[in-house]
Amino acid sequence: MKLVGRYSPRSEAQDLMWDAMEIVYDDPEKAEIMCRRALKIYPDCVDALTVLADLRESTVIEYIESMRQAVKAGRRDLGRMFFKENTGIFWGLVETRPFMRAMEMLADALIEWGVDEAVDEAITVYKEMIELNPNDNQGARDWLFACYLRRKRYDDVDKLFQLYPEDWGIVPFWAKVLFAFANDGPEAAAELLPEAHERNEHVVKYLTGRKRRPRNRCAYYSLRDESEAVYCADVLWEAWKKHPKAKKWLKEITVSDEKYA
């Protein structure tokens, strides 16, 4: 990795970006100027590339291409040897954060695009994020569960469950219900439904469409709160949509049973 010292071009550009990111919402024009200055100092400054993409790209396709370039810059910045020596502990190293954020932003944009090839590319990105950082501080596995189910890659879903056998997040609970329905039928899914519902009683209303997901999402969510339910429904919505029989079953069984009201 190209680190020489406190006043290397890399560190100078990054310092400039910390300032730019503080003003990007209040003064986007000045932030853009600072981004371009940072790139002149250090062309592979990942944060400069990602902030510029947020400021200037008007379509999802344009944004995706810009984020691909940011990820490539991050690979050049860190260098092959760095990846070889630090795979598995990436998030614990502060210098990797711009690259890891860029990967997450790329994957999110690919999911927003939504076509099959974009989802497949997002899968590749999320898988690498987990390989680089198995602790998964960014929550990539939630979206990986969703993408696998969306593409009906059930063997991969099962392997991911095995990789995180004690995952108590809300998304894996509801991913297991859908996975059970797809592989073993409604009776198997029904056995898992009470535990998933107990984990957060609001999820079923959003997944079945009995309650609309709000247009303005919270930046964070709280356990067992409606904000967590909205997050879960957002992540798994397309996966359940790709399994219409499962979605119909979920709506029927929860409408007919008072405990899911």
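The values are calculated or read from the model by the stated rules, or taken from the named source; none is laboratory data. On a predicted model such as this, the values are computed, not experimentally measured, just so you know. Don't worry about glycine lacking a Cβ; one is built from the backbone with ideal geometry, like all the others, and counts go over all protein chains shown. Note: areas computed on protein heavy atoms with side chains; ligands, DNA, RNA excluded. Shrake-Rupley method; radii C 1.70, N 1.55, O 1.52, S 1.80 Å.
Listed values, structure above:
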{"read-out": "For the stretch 77-156 and the stretch 174-196, distance of Cα centres in Å", "value": "26 Å"}
{"read-out": "Estimated distance in nm for a label pair at Phe161 and Thr87, the labels positioned 7 Å out from Cα along Cα-to-Cβ", "value": "2.7 nm"}
{"read-out": "Cα centroid separation, the stretch 31-66 to the stretch 199-214 (Å)", "value": "37 Å"}
{"read-out": "Accessible heavy-atom area order of Thr254, Thr59, highest first, probe of 1.4 Å", "value": "Thr59, Thr254"}
{"read-out": "Solvent-accessible surface ranking, highest first, for Trp143, Trp113 at 1.4 angstrom", "value": "Trp113, Trp143"}
{"read-out": "Net length gained if the chain between Asn216 and Asp54 were fully extended (0.36 nm per residue, minus Cα distance)", "value": "56.5 nm"}
{"read-out": "Estimated distance in nm for a label pair at Ile33 and Val255, the labels positioned 7 Å out from Cα along Cα-to-Cβ", "value": "5.9 nm"}
{"read-out": "Calculated from backbone phi, Karplus (6.51, -1.76, 1.60) coupling profile of the stretch 15-26 in Hz, x at Gly/Pro", "value": "4, 4, 6, 4, 5, 4, 5, 6, 10, 4, 7, 7"}
{"read-out": "Computed E for Glu187/Asp225 - FRET, C-beta separation, R0 51 angstrom, nearest 0.05", "value": "0.95"}
{"read-out": "Cα gyration tensor shape of the stretch 28-151, rounded if a/c is under 1.5, else prolate or oblate by comparing a/b with b/c", "value": "oblate"}
{"read-out": "The chain - charge dipole about Cα centre, Lys and Arg +1 at Cβ, Asp and Glu -1, debye rounded to 20", "value": "440 debye"}
{"read-out": "For the chain, built as a Gaussian network whose Cα springs stay under 10 Å, the top-fluctuating residue of Arg141, Arg210, Arg75", "value": "Arg210"}
{"read-out": "Surface per residue (accessible, 1.4 Å probe) for the chain, Å²", "value": "55 Å²"}
{"read-out": "Per-residue SASA entry for Glu191, accessible area with 1.4 Å probe, Å² rounded to 10", "value": "150 Å²"}
{"read-out": "Furthest towards positive pole of dipole, Asn133, Ala122, Trp143, structure part the stretch 106-187, Cβ charges", "value": "Trp143"}
{"read-out": "The chain, helix-only ellipticity at 222 nm - DSSP H runs n ≥ 4, -39,500 (n - 2.57), divided by all residues, nearest 500", "value": "-22500 deg cm²/dmol"}
{"read-out": "In nm, spacing of pseudo-spin labels at Glu112 and Arg97 (7 Å Cα→C-beta vector)", "value": "2.3 nm"}
{"read-out": "Accessible surface of the stretch 35-154, 1.4 Å probe, proportion on carbon and sulfur as whole %", "value": "50 percent"}
{"read-out": "Out-of-range pairs (alpha-carbon distance over 22 Å; input Lys211/Lys259; Lys127/Lys211; Lys176/Lys248; Lys152/Lys247; Lys72/Lys242; Lys211/Lys241)", "value": "Lys127/Lys211; Lys72/Lys242"}
{"read-out": "Computed lengthening from Lys152 to Arg76, 0.36 nm per intervening residue step minus Cα-Cα distance", "value": "23.9 nm"}
{"read-out": "The chain: most fluctuating residue of Ala70, Ala196, Ala219 per GNM, C-alpha cutoff 10 Å", "value": "Ala219"}
